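Only the coordinates and a few stated rules stand behind these numbers; no lab work does. All values derive from a computational prediction rather than experimental measurement. Methodologically, a virtual Cβ is constructed for each residue, glycine included, from the backbone with ideal geometry; neighbour enumeration extends over all protein chains shown.
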Amino acid sequence: MTFNGNHLLGLEGMSRDEIEYLLDSADSFREISEREIKKVPTLRGKTVVGLFFESSTRTRTSFEIAAKRLSADFVSISGSTSSVSKGETLLDTARNVAAMRPDCLVMRHPRSGAPHFLARHVGCPVVNAGDGSHEHPTQALLDLLTIRGVRGRIAGLEVAIVGDVLHSRVTRSNVHALRTMGARVRLVGPPTLLPSALAEWGDIHHDLASGVRGVDVVMMLRLQRERQGANFLPTLDEYSRYFCLTREMLELAKPNAIVLHPGPINRGVEISSEVADGQASMILEQVANGVAVRMAILYLLAGRGRASVEQRQAV
Amino acid sequence: MSEGGAILFAGGTLIDPANDRHGAYDVLVEEGLVAAVGAPGSIGADAQRIDATGCWVVPGLIDMHVHLREPGYEYKETVATGTQSAVAGGFTAVACMANTKPVNDSAAVTEYILDRARESALARVHPIGAVSVGLAGRELAEIGEMYEAGVVAVSDDGMPIADGALMRRALEYTQLFGIPVIVHEEDPQLAGDGVMHEGRVCLHLGLKGMPSAAEEAMVARDLALLAQTGGKLHLAHLSTAGSIRLLRDARERGLPVTAEVTPHHFILTDEAVREYDTNAKMKPPLREQSDAEALVSALREGLIDVIATDHAPHHRDEKEIEFDLAAFGIVGLETALPLTLRLVRDHGLDPVTLVRAMSVNPARILGLDAGSLAVGRVADITLVDPDYVWTVQLEELRSKSKNSPFGGWEMRGAARTTMVGGRIVWSRGEQG
């Protein structure tokens, strides 16, 4: 098995073999970050351009470190402060960047579907580093890598995803990947942030206790503060009263259950400090795995060279 | 193209529901009027002969919901290009919405549009005036002044009338002139900043949704008002099965309401948005399969009166951007007829019902002297070839804008000849 995509835009529709292959590839890159000299020449001479149209310190840093550990040149453009604020369209930005012959583009954008638009208009691979409320494929891959690393498998595990499911790109990517890999998914949150139509993705729980009871993995989502004031919830205080993962709540899960969070965390809102810093928390493991996942993706996409991608697009 | 002389449509099938004619008839046109209708071969006249074999001769199609964009947005469309597109699609008349710049909320703008039509239009142009000044939804526009100048209806289309009291007054006041209030039903708070139908696909794509209830709540409100005030209410571009249920109930109660549907709402569903195609972005949004089916069956049984395109031209630069930011709307004049013919072929739509929905009923609702091919009536005629096979090439559309989701679609059926007032304004070559 191999990964044949020209881009990594999302995990929806990806096969079990493909996801397995990406996780195995990422596993093999983990070791490089443990070396004293954390650099291999694999992507020497390749250029990776990050287009960050939405602020994202940790995802951008993670991609940058991944690129540099593979010896690629990494250049990053912050959309919100550059030509976009001067009125340049995404299409013009894409064409201009493409004209500089990058080997891979990494894009974070506040609008769902923006990386798909980019991919249609440039001749090089595009990696979605999070688009609006749609997908965040590298985050889900690092979550799966973390789960698999700790539990040895994904199939058969029960995973609760808790919080603002409606607006969460992390959820969408995870739901597709977890289900494809054979995990059972529960979605937990208030009805305003968890529409009943999502029942096709997993069992719906509006009660945190029933949602986490007996699960192997609790995946907490960051609650965007702007949801307060848009009437998705009355106040953050009231939200935390019903949906904050505390030690007592976590005790309802399996004894060896683990807790994931894509960060940055709101301590005391969706997760208590006790849990975030506790034994079950895999938050820092996730961050470490993020670099490995992104190295694997850049290796697989940027490593091919432009010609091969264009040939594949032609057929 | 042909001027003045007599023209005989020979050998075709006449579909003229206003006169209960459906069958083999020849139609003679002289001096801009229908001069004779008779059995095949029975009309002897010194006339240019158009072989209508295999085709339908129908009263000129009327699209009662288009955006011609002039004045103010001539970079998207003009009266000239919009009516070129209309006649290519078989339409002999269009009614154009008021959301121009300036808004058509005064007799001066109405007169300007009619002047431009006289100078440059291939089809008849019937302006629709604004309900409220500047489409702002606060004060009634001078509807009487606009009526005197030539508007055939009023509508704030594009901007829903959020204020129920204003809507009530509009339904009452328009009774002075007997013209309909055409409503774009959308609760602005419920629709919010949604960009597509709120449903499964929207949840997958992570886009903001507009729930069906945003339309249905306003339909329910306006039908309740209508029951109280009387007047004429025309529901534009209905899109949900729930709206159809409300319409059915209102009809059964005898309320003076009419309704329209667009071809894209009965042909496409929200699945068309899957690849973030901005040409599948419009208001109301493409809904679900069950909605499309409800629209088709309401059309078949005559519950929906009218097929209209909501032809909404937008420049490439307003569509080749992020989905969230792209303009709402698509062009429709050149694809409406073949898309509706799909219903005739595949979904049991009676051709007579098609002609009612695309000619007779819009003429009746807007009070136009059209929709009939009785002897002595104005010769606005569309010659429909239901089997003409062609492929939609966006660059070849006559509209100034190319924002259609039907690019590359193979179509069956087209207008072969379009005649306005006895003059042939469009004629399709033998092979496209």
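Distance between Cα centroids, the stretch A:144-185 to the stretch B:192-216: provide it in whole Å.
25 Å
Report the label-to-label distance for residue A:4 and residue A:224 in nanometres (one decimal), using points 7 Å from each Cα along the Cα→Cβ vector.
Result: 3.6 nm between the two label points.
Between residue B:20 and residue B:51, what's the calculated FRET efficiency when r is the beta-carbon distance and R0 is 30 Å? Round to 0.05.
0.75
For the stretch A:131-287, what is the charge dipole size about the Cα centre, in debye to the nearest 20, if Lys and Arg each add +1 at the Cβ and Asp and Glu each add -1 at the Cβ? Show your work: numbers first, answer last.
Numbers: 16 positive and 18 negative charges, 65 e Å.
With only Lys, Arg, Asp and Glu charged at Cβ, the dipole is about 320 debye.
What does the structure give for B:318-330 when I average, per residue, the other chain Cβ atoms found within 10 Å of the residue Cβ?
4
What list of ³J(HN,Hα) couplings, whole Hz, do you get for the stretch B:197-214 from phi and the Karplus terms 6.51, -1.76, 1.60, once you set θ to phi - 60° and write x for glycine and proline?
With coefficients 6.51, -1.76 and 1.60, one gets 4, 7, x, 4, 5, 4, 5, 5, 7, x, 9, 7, x, 10, x, 4, 4, 4 Hz.
Between the stretch B:341-417 and the stretch B:153-168, what's the alpha-carbon centroid distance in Å?
Centre-to-centre (Cα) distance: 29 Å.
Given the rule -39500 (n - 2.57) for each run of at least 4 DSSP H residues, summed and divided by the residues of chain A, what is its mean residue ellipticity at 222 nm, to the nearest 500 deg cm²/dmol? Could the numbers behind the result be given before it?
On the way: 12 runs with 123 residues, N = 315.
That comes out to -11500 deg cm²/dmol.
At 0.36 nm per residue, minus the direct Cα-Cα distance, what do residue B:301 and residue B:145 gain on full extension? Give it in nm, one decimal, please.
This chain segment gains 52.4 nm when fully extended.
Taking each residue of B:80-91 in turn, how many C-beta atoms of other protein chains fall within 10 Å of its C-beta, and what is the average?
Taking all residues of B:80-91 together, the mean is 0.
Hey, what number do you get for chain B at 222 nm if only DSSP H runs of n ≥ 4 count, each worth -39500 (n - 2.57), divided across all residues, to the nearest 500?
Mean residue ellipticity, 222 nm, calculated: -8000 deg cm²/dmol.
Over the alpha carbons of chain B, what is the largest minus smallest coordinate on each principal axis, giving the biggest first in Å?
Cα spread of chain B along its principal axes, largest to smallest: 63, 47, 43 Å.
Under the definition of Cα pairs under 8 Å and six or more residues apart, what whole-number percent is the relative contact order of the stretch A:137-287? Display every interim value, and only then the final one.
Numbers: 274 pairs, mean separation 34.9, N = 151.
Value for the stretch A:137-287: 23 percent.
What is the order of A:69, B:300, fewest Cβ neighbours within 10 Å to most? All intermediate terms of the calculation are to be shown ahead of the outcome.
Working: A:69 23, B:300 15.
By the 10 Å Cβ count, ascending, the order reads B:300, A:69.
Setting aside same-chain residues fewer than 8 positions from residue B:208, which aspartates and glutamates have a Cα under 12 Å from its Cα?
Within the straight-line cut-off, residue B:208 pairs with B:193, B:198, B:324.
Within the stretch A:23-158, how many lysine pairs that are 8 or more places apart, or on different chains, have C-alpha atoms less than 26 Å apart?
4
Can you give me the angle between helix B:107-120 and the longest principal axis of chain B, using Cα atoms only, in degrees from 0 to 90, rounded to the nearest 10?
That works out to roughly 40 degrees.
Given the options B:362, B:64, B:150, identify the residue whose Cα lies farthest towards the positive end of the charge dipole of the stretch B:60-366 (+1 on Cβ of Lys, Arg; -1 on Cβ of Asp, Glu).
Positive-end residue among those listed: B:362.
By a straight-distance test (C-alpha under 16 Å), which lysines pair with residue B:76 as possible cross-link partners, with residues fewer than eight away in the same chain excluded?
Answer for residue B:76, where 16 Å is the Cα cut-off: B:101, B:319, B:400, B:402, listed by chain and number.
First measure r as the distance between the Cβ atoms of residue A:101 and residue B:271, then evaluate 1/(1 + (r/R0)^6) with R0 = 45 Å and state the FRET efficiency to the nearest 0.05.
On the way: r = 36 Å, r/R0 = 0.80.
Result of the calculation: an efficiency of 0.80.
How many angstrom lie between the Cα centre of the stretch A:229-305 and the Cα centre of the stretch B:1-43?
75 Å
Residue A:40 versus residue B:387, label points 7 Å from Cα toward the beta carbon: distance in nm?
6.6 nm
For chain B, modelled as a Gaussian network with Cα springs under 10 Å, which listed residue fluctuates most, B:19, B:104, B:403?
For chain B, modelled as a Gaussian network with Cα springs under 10 Å, the answer is B:19.
Give the average, rounded to an integer, of partner chain Cβ atoms located within 10 angstrom of each Cβ in B:189-199.
Numbers: counts 0, 0, 0, 1, 0, 0, 3, 0, 0, 2, 2.
Other-chain Cβ atoms within 10 Å of each residue's Cβ, averaged: 1.
In debye, nearest 20, what is the charge dipole magnitude of the stretch B:60-366 about its Cα centre with +1 on Lys and Arg Cβ and -1 on Asp and Glu Cβ, if you could check?
Working: 28 positive and 45 negative charges, 137 e Å.
Value, rounded to 20: 660 debye.
To the nearest 20 debye, what charge dipole does chain A have about its Cα centre, counting +1 at the Cβ of each Lys and Arg and -1 at the Cβ of each Asp and Glu?
Working: 37 positive and 34 negative charges, 180 e Å.
Dipole about the Cα centre, nearest 20: 860 debye.
Kindly put A:147, B:15, B:424 in sequence by how many other C-beta atoms sit within 10 Å of each C-beta, fewest to most.
Exposure proxy ranking, most exposed first: B:424, B:15, A:147.
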